[in-house]
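**Q** Mind having a look at this structure? Questions to follow.
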Amino acid sequence: MTLLGQFALWIGLIASLWGFGVAFLSRWQHRPELGASAIRAAYGVCAAMVVAALALWKGLISHDFNIEYVAAYTSRNLPDSYVVTAFWAGQAGSLLFWALVLSIFGAIAQVVTSQRHKELMPYVAGITNMVASFFIATMLFGGSNPFERLSFTPPDGNGLNPQLQNPGMVMHPPLLYLGYIGITIPFAFAIAALMARKLDAGWIHAMRKWTILSWIFLSAGITLGMWWAYVELGWGGYWAWDPVENASLLPWLTMTAYLHSVMIQEKRGMLKRWNLSLVIGTFLLSIFGTFITRSGVIASVHSFAQSSVGYFFLVFLITTGAAAFALLYLRWPELEPDAKLESLASRESAFLFNNLVLVGIAFSVLWGTLFPILSEAVRGVKITVGPPFFNRVNIPLGLALLALTGIGPLIAWRKASTANLQRQFIWPLVFGVVPAVSLAALGVRNGWALAAWALAAFVLGTVLQEFYRGVRARIRMYDEAAPTALVRLVNRNRRRYGGYLVHVGILVYFAAFAGMAFKVTEEMTLSPGEVAEVRGASGHVYNFKSLGVSQYNAFNRIVTAATLEVTRDGKPIGVIKSEKRQHIDSFGNKTFEPSTEVGIRSGLREDIYVVYAGSIAGTEEANFAISINPLVWWVWFGGVVLTAGGLLAMWPGGRTAAPTGRRDVQSGFEAQLVGTEAP
Amino acid sequence: MTPRTKFIAGATIIVASVVFLIASGVKETGVYFLTPTELFSRVEQDPTFYDVGIKVGAKVVRGSIRRDDAKQQVDFEITDGGKQFPVTYVGLVPDTFTDANEIEVIVEGKFGRDGVFRATEVLAKCGSRYEAELQEAKKAA
């Protein structure tokens with residue numbers, strides 16, 4: 001099968017290079033048939049990558065340990081589901097996965113985009129082919145070929161790193177990749193619009209769904225990554241401002257900025273240059289993220305692989321960035337704004353400030369991540385910044401952003417009157433101030449946390465008010481029952497109400513993040529029968545009674561488990577077990593270092609988080625680190641709300657096109673949707 | 001003032017706050033990241049460098065790890081090939097921190113005048129050691 005895989009990679013490389021070349025040649029030579037050929041090449045690359053992927057999966061499933069990749073990441077006793085997902089456990093497979101998904105996305109984009117945008121499509125194919133050719137070339141020439149064979153056949157493989165044997169880790173990388181890769185499609189449309197000089201809002205409508213889709217994938221991928229870090233890494237938190245985590249946040253921030261600023265372009269014809277820059281920048285940051293993860297230029301505990309492949313990415317990053325911005329510069333005079341800012345109290349300026357804050361956060365995260373390299377280059381000494389830096393910079397900026405999340409949707413376009421401001425903001429402000437004052441009266445003294453909760457409640461107030469007013473208007477106008485009115489209201493304007501739901505997700509995140517300021521951690525040593533008490537920030541008192549340590553063999557590991565019987569305020573709430581796992585291969589030899597399984601009891605108010613840190617000299621006297629982590633459950637809940645809101649905003653169908661065919665933004669969008677349904 | 005100037009004023013405030021937060025954040029939270037050799041030459045030139053919060057990236061000397069489980073204390077030596085010194089740490093070390101091979105660690109803490117590094121944090125790099133072993137096996141075969 002490796003021969004077939006190799007062959008498919010070469011076919012994919014040739015087809016993608018061809019498709020890249022002729023797409024742009026067709027413009028210079030005015031030969032449209034070459035453009036059609038570029039599109040056919042995109043389908044060809046997709047077919048080749050599917051064949052290559054099937055070949056790798058075949059090798060994995062049949063335990064062909066003569067294939068280096070299979071031997072490096074799987075073993076005979078690895079559970080089947082992890083054998084399948086070992087596809088993206090290593091670098092070579094990740095690159096293939098990337099090329100596979102990119103080529104599929106590229107082909108889908110060709111199929112679903114309306115005929116109205118057909119002038120753009122050869123260039124879109126050209127860009128997706130170009131990016132695909134880069135990934136395939138990196139596999140073939142960067143020493144990361146997943147089909148490389150060994151000169152001998154090991155009896156068993158190395159197995160998968162135990163930290164990656166976790167359901168979260170099965171889904172986290174592909175979701176994140178889907179987000180990164182999805183960004184390529186908007187980037188391709190942006191470049192296509194610049195190339196074809198079709199600089200009206202057409203390209204934005206053509207690829208809107210791709211921006212929301214990739215944003216949802218990124219959000220879900222980041223949240224799952226937090227969940228994985230929380231349940232698997234055992235340090236008790238979910239975000240450590242590690243370079244690899246930061247790298248995934250960067251494109252999310254700029255993409256979020258774009259999703260807002262694009263509304264100004266649609267409504268008012270402003271910010272054309274800024275939007276193009278954001279799309280190009282987001283794409284570059286997604287490549288940068290892969291570069292950071294893969295190159296190991298910045299010391300990170302998450303860097304599972306290090307290799308020279310990073311430098312392929314660096315070269316690609318620089319050349320693509322230079323070419324894209326040069327093209328933008330050439331078209332600069334054609335991108336004059338159609339309107340001017342009319343008032344500071346307007347939605348335009350609220351969105352612009354939101355963009356500045358988002359890009360400011362992205363810049364600070366990038367700066368902090370690269371600071372060791374920058375300081376070494378400039379001052380000859382490596383200086384690192386860690387979580388204290390990121391928290392210090394990003395807590396105030398994040399809260400400013402949260403405030404703008406509430407202000408933006410309520411303030412009028414163009415120019416808001418004082419009456420408008422009063423009408424919109426009085427109730428949400430009350431909504432924000434009351435809980436903050438009550439919490440302060442109850443003795444909460446953490447200013448940042450109070451501010452976060454006040455602003456979160458304020459934003460919640462704005463969203464509830466919008467829903468309430470919309471429903472009330474429908475009840476009055478159409479005499480509908482409240483639930484019907486709600487469903488129809490949302491259904492008629494999914495993008496808007498989906499967006500509000502996303503805002504709810506965001507405010508839930510912020511409220512949950514603030515909870516971690518009240519985390520309590522205690523380390524202790526317990527003999528069987530011994531009891532320790534931990535008091536959570538909420539005032540609950542937990543008692544932990546050690547039930548001793550037991551050892552047994554499981555499928556592919558030897559487990560040492562420490563069990564605690566837990567009571568809350570005197571009432572028993574069950575047992576929590578934390579394990580040390582020593583993974584073994586099918587001959588019983590130890591593989592990898594022992595890994596810890598955290599014991600977690602999750603709750604709405606707080607999580608009980610137990611780490612068994614080993615026993616003393618083989619006895620049942622065990623060391624524990626126990627944390628009471630407030631509001632963590634709400635982070636995952638926020639992720640669910642946010643994803644649901646995003647899906648609602650992009651869900652196809654709904655209201656049909658306005659029959660008059662007005663160039664109204666919303667109806668234009670819907671018309672395009674209808675166009676996509678017919679093949 | 002036109003709306004545009006007002007907006008520019010607002011934007012300037014945001015940009016200035018971002019710059020200020022970054023600059024002051026780096027100044028107050030930045031820590032030196034040194035190799036053992038760099039650390040030794042620094043403290044020689046400038047004795048005020050003792051007992052200042054720094055990070056050191058190095059390898060753990062094989063066989064040097066001494067654990068006192070009762071006190072949850074770990075003592076070990078780190079080196080970059082040039083200089084070597086003892087580290088002492090109280091707390092839980094990550095799973096990847098073992099004696100099995102020369103693991104790379106980043107220790108954060110203070111280097112005392114007695115030549116002992118008192119770590120407040122120990123990070124161990126997840127090994128790509130299995131990949132490395134595989135490469136070796138491949139070469140050998």
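**Q** Which residues, taken from the stretch A:550-567, are touching a Ser or Thr at 6+ places or on another chain (Cβ under 9 Å) and not in a strand (DSSP E or B)?
**A** Across the stretch A:550-567, the qualifying residue is only A:ASN556.
**Q** Restricting to the stretch B:78-94, count the residues that are among the polar types (S, T, N, Q) and assigned to a loop (DSSP other than H, G, I, E, B).
**A** Total meeting the criteria: 0.
**Q** Only residues that are free of Cβ contacts under 8 Å to residues at least 12 places away in the same chain, of a type in the set (A, V, I, L, M) and in a helix (DSSP H, G or I): list them for the stretch A:474-489, please.
**A** A:ILE475, A:MET477, A:ALA482, A:VAL487
**Q** Hey, another quick one. Quick check on my filter: what residues within the stretch A:118-163 are polar (S, T, N, Q), more than 30 Å from A:LYS198 (Cα to Cα) and under 26 Å from the mean Cα position of the chain (by Cα)?
**A** Within the stretch A:118-163, A:THR138, A:SER144, A:ASN161, A:GLN163 meet the criteria.
**Q** Run down A:ILE395, A:ILE361, A:ILE373 and say which single residue is closer than 18 Å to B:ALA16 by Cα, in a helix (DSSP H, G or I) and either at pLDDT below 90 or out of contact with any Leu (no Cβ under 7 Å at 6 or more places or on another chain) (or both).
**A** After ruling out the rest, the residue left standing is A:ILE395.
**Q** Evaluate the stretch A:80-98: report whether one residue or more is of a type in the set (D, E, K, R), in a helix (DSSP H, G or I), modelled with pLDDT under 95 and closer than 29 Å to A:ALA229 by Cβ.
**A** The answer is yes; a qualifying residue exists.
**Q** Return the residues of the stretch A:553-601 that are closer than 16 Å to A:THR74 by Cα and touching a Leu at 6+ places or on another chain (Cβ under 8 Å); say none if nothing qualifies.
**A** Within the stretch A:553-601, just A:ASN556 meets the criteria.
**Q** When you scan the stretch A:202-210, do you find a residue that is part of a loop (DSSP other than H, G, I, E, B), over 25 Å from A:ALA99 (Cα atoms) and not assigned by TED's automatic domain parsing to the domain that holds A:GLY126, even just one?
**A** We begin by selecting, within the stretch A:202-210, every residue part of a loop (DSSP other than H, G, I, E, B); these are none.
Checked the stretch A:202-210: no residue is part of a loop (DSSP other than H, G, I, E, B), over 25 Å from A:ALA99 (Cα atoms) and not assigned by TED's automatic domain parsing to the domain that holds A:GLY126.
**Q** Looking at the structure I just gave you, is B:ASP75 at pLDDT 85 or above and part of a loop (DSSP other than H, G, I, E, B)?
**A** It is false that B:ASP75 is at pLDDT 85 or above and part of a loop (DSSP other than H, G, I, E, B).
**Q** For the stretch A:572-630, please list each of the strands (runs of 3 or more DSSP E) lying entirely inside it that holds at least 2 residues being within 13 Å of chain B (Cβ to nearest Cβ).
**A** The strands (runs of 3 or more DSSP E) meeting that bar are A:595-597, A:606-615, A:622-630.
**Q** Out of (1) crowded, with 24+ Cβ neighbours inside 10 Å; (2) modelled with pLDDT of 90 or more; (3) in contact with a helix residue (DSSP H, G or I) (Cβ under 7 Å, 6 or more places away or on another chain); (4) within 30 Å of A:LEU164 (Cα to Cα), the odd one out for A:LEU4 is which?
**A** The single condition A:LEU4 does not satisfy is (1).
**Q** Further, regarding this structure: Applying the selection to the stretch A:561-571, what residues are away from chain B (no Cβ under 14 Å) and buried (at least 18 other Cβ atoms within 10 Å of the Cβ)?
**A** Once the filter is applied, which keeps residues that are away from chain B (no Cβ under 14 Å) and buried (at least 18 other Cβ atoms within 10 Å of the Cβ), the stretch A:561-571 yields A:ALA561, A:THR563, A:LEU564, A:VAL566.
Residues are listed down the side, and each one gets a yes or a no for (1) within 20 Å of B:VAL105 (Cβ to Cβ); (2) facing chain A (nearest Cβ under 10 Å):
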{"position": "B:ALA16", "(1), (2)": "no, no"}
{"position": "B:VAL19", "(1), (2)": "no, yes"}
{"position": "B:PRO36", "(1), (2)": "yes, no"}
{"position": "B:ASP46", "(1), (2)": "no, no"}
{"position": "B:TYR50", "(1), (2)": "no, no"}
{"position": "B:GLY53", "(1), (2)": "yes, no"}
{"position": "B:VAL56", "(1), (2)": "yes, no"}
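**Q** Could I ask something else about it? Scan the stretch A:613-664 for residues that are on the phi > 0 side of the Ramachandran plot and at pLDDT below 85 and report the count.
**A** The total comes to 6.
**Q** Does the stretch A:110-124 contain any residue that is more than 14 Å from chain B (Cβ to nearest Cβ), in a loop (DSSP other than H, G, I, E, B) and without any contact (Cβ under 8 Å) to a residue 24 or more places away in the chain?
**A** Yes: one or more hits.
**Q** Just checking, which of A:PHE134, A:PHE147 is assigned to a loop (DSSP other than H, G, I, E, B), away from chain B (no Cβ under 14 Å) and either under 18 Å from A:SER16 (Cβ atoms) or out of contact with any helix residue (DSSP H, G or I) (no Cβ under 9 Å at 6 or more places or on another chain) (or both)?
**A** A:PHE147
**Q** Against the conditions (1) at the interface with chain B (Cβ under 7 Å from one of its Cβ atoms); (2) out of contact with any helix residue (DSSP H, G or I) (no Cβ under 7 Å at 6 or more places or on another chain); (3) free of Cβ contacts under 8 Å to residues at least 12 places away in the same chain, where does A:ALA377 fall short? Just the number, please.
**A** (1)
**Q** When you scan the stretch A:414-450, how many residues do you find that are among the aromatic types (Phe, Trp, Tyr) and surrounded by 16 or more Cβ atoms within 10 Å (Cβ to Cβ)?
**A** Keep residues of the stretch A:414-450 that are among the aromatic types (Phe, Trp, Tyr), which gives A:425, A:427, A:431, A:448.
Still in the running and surrounded by 16 or more Cβ atoms within 10 Å (Cβ to Cβ): A:425, A:431.
Selection size over the stretch A:414-450: 2.
**Q** Given A:GLU376, A:GLU348, A:GLU334, which one is among the acidic types (Asp, Glu) and closer than 29 Å to A:PHE291 by Cβ?
**A** Working: A:GLU348 fails: closer than 29 Å to A:PHE291 by Cβ; A:GLU334 fails: closer than 29 Å to A:PHE291 by Cβ.
Just a single option satisfies the conditions, and that option is A:GLU376.
**Q** Would it be correct to say that B:GLY109 is more than 10 Å from chain A (Cβ to nearest Cβ), surrounded by 14 or more Cβ atoms within 10 Å (Cβ to Cβ) and either at pLDDT below 90 or not in a loop (DSSP other than H, G, I, E, B) (or both)? Don't jump to the end; show me each part of the working.
**A** Details: more than 10 Å from chain A (Cβ to nearest Cβ): yes; surrounded by 14 or more Cβ atoms within 10 Å (Cβ to Cβ): yes; either at pLDDT below 90 or not in a loop (DSSP other than H, G, I, E, B) (or both): yes.
It is true that B:GLY109 is more than 10 Å from chain A (Cβ to nearest Cβ), surrounded by 14 or more Cβ atoms within 10 Å (Cβ to Cβ) and either at pLDDT below 90 or not in a loop (DSSP other than H, G, I, E, B) (or both).
**Q** Which ones in the stretch A:380-423 are more than 11 Å from chain B (Cβ to nearest Cβ) and of a type in the set (Ser, Thr, Tyr)?
**A** Here is the first cut: in the stretch A:380-423, the ones more than 11 Å from chain B (Cβ to nearest Cβ) are A:398-399, A:402-403, A:405-413, A:416-423.
The answer is A:THR405, A:SER417, A:THR418.
**Q** May I pose another question? Could you identify the single residue in A:VAL45, A:VAL50 that is assigned to a helix (DSSP H, G or I), surrounded by fewer than 17 Cβ atoms within 10 Å (Cβ to Cβ) and not basic (Lys, Arg)?
**A** That would be A:VAL50, the only listed residue that is assigned to a helix (DSSP H, G or I), surrounded by fewer than 17 Cβ atoms within 10 Å (Cβ to Cβ) and not basic (Lys, Arg).
**Q** Can I ask one more? Which of the following residues is modelled with pLDDT of 90 or more and either touching a strand residue (DSSP E or B) at 6+ places or on another chain (Cβ under 7 Å) or charged (D, E, K, R) (or both): B:ILE13, B:ILE54, B:ILE22? Break it down into steps so the answer makes sense when it comes.
**A** Values: B:ILE13 fails: either touching a strand residue (DSSP E or B) at 6+ places or on another chain (Cβ under 7 Å) or charged (D, E, K, R) (or both); B:ILE22 fails: either touching a strand residue (DSSP E or B) at 6+ places or on another chain (Cβ under 7 Å) or charged (D, E, K, R) (or both).
Matching residue, one of B:ILE13, B:ILE54, B:ILE22: B:ILE54.
**Q** Additional query: The conditions are (1) more than 25 Å from A:ASN391 (Cβ to Cβ); (2) touching a strand residue (DSSP E or B) at 6+ places or on another chain (Cβ under 6 Å); (3) within 9 Å of chain A (Cβ to nearest Cβ); (4) crowded, with 19+ Cβ neighbours inside 10 Å, and B:PHE76 fails exactly one of them. Which is it?
**A** (3)
**Q** Output yes when any residue across the stretch A:162-181 is assigned to a helix (DSSP H, G or I) and closer than 17 Å to A:HIS260 by Cα, and no when none is.
**A** No, there is no match, as no residue in the stretch A:162-181 is assigned to a helix (DSSP H, G or I) and closer than 17 Å to A:HIS260 by Cα.
**Q** Report whether or not A:TRP227 is at pLDDT 85 or above and among the aromatic types (Phe, Trp, Tyr). Can you show your working first?
**A** Details: at pLDDT 85 or above: yes; among the aromatic types (Phe, Trp, Tyr): yes.
Considered against the rule, which asks whether it is at pLDDT 85 or above and among the aromatic types (Phe, Trp, Tyr), A:TRP227 comes out as yes.
**Q** Run B:THR96 past the list (1) within 28 Å of A:GLU597 (Cα to Cα); (2) more than 9 Å from every other protein chain (Cβ to nearest Cβ); (3) polar (S, T, N, Q) and report the number of the one that doesn't hold.
**A** Just one mismatch for B:THR96, condition (2).
The values are calculated or read from the model by the stated rules, or taken from the named source; none is laboratory data. All figures in this text were calculated on a predicted structure; none of them were measured in a lab. All Cβ positions, glycine included, derive from the backbone under ideal geometry; neighbour counts span all protein chains shown.
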